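The values are calculated or read from the model by the stated rules, or taken from the named source; none is laboratory data. Since the structure is predicted, the reported quantities are computational estimates derived from the model, not experimental observations. Counting neighbours? That spans all protein chains shown, and the Cβs are built from the backbone with ideal geometry, glycine included.
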Amino acid sequence: MARLNTLLFLVVVALSVVALIDCLATDRSQLRSFPRGAWVILILLCPVAGAIAWFRGGRATSATDPRTAGPHAPGSHTAGPHTAGPHTAGPHAAGAAQAGLPGPIGPEDDPAFVQHLADTLRNR
């Protein structure tokens, strides 16, 4: 029983430390709901609930959140080097990149590549 209690204690401490470090390392523009000081106090006073609340709602990670939308934000799919290839430079990708709109992120999302693939299969 003592081993289980020790294990649970270590899990709670690890969760709290990771949440606290993540909270302190997060950019101020990505904080949601409360200021950083309130999050730190919540994580320290209520280790499990505070850490879970931090990971669920403390920082903005959604691509739809205007504070985190950018070329390197999670969920952001703008045309860039990861879409480069012989079949992804079609008019759709170029127009989307110039307009700042999301472009194809994989070959199956690029209409020019899909058309090229269909033509290749048709010509077999």
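List every residue pair whose Cβ atoms sit under 7 Å apart, with the two residues 6 or more apart in sequence or on different chains, where the first one lies in region 101-124 and is modelled with pLDDT under 80 and the second, anywhere, is in a helix (DSSP H, G or I) and of a type in the set (Val, Ile, Thr).
Between residues of region 101-124 that are modelled with pLDDT under 80 and residues that are in a helix (DSSP H, G or I) and of a type in the set (Val, Ile, Thr), the close pairs are 103/83; 104/83; 105/83; 108/114.
Within region 16-48, work out how many residues are aromatic (Phe, Trp, Tyr) and in a helix (DSSP H, G or I).
Residues meeting the conditions: 1.
Check residue 21 against each of (1) under 19 Å from the mean Cα position of the chain (by Cα); (2) at pLDDT 90 or above; (3) surrounded by 15 or more Cβ atoms within 10 Å (Cβ to Cβ) and name the one condition it does not meet.
(3)
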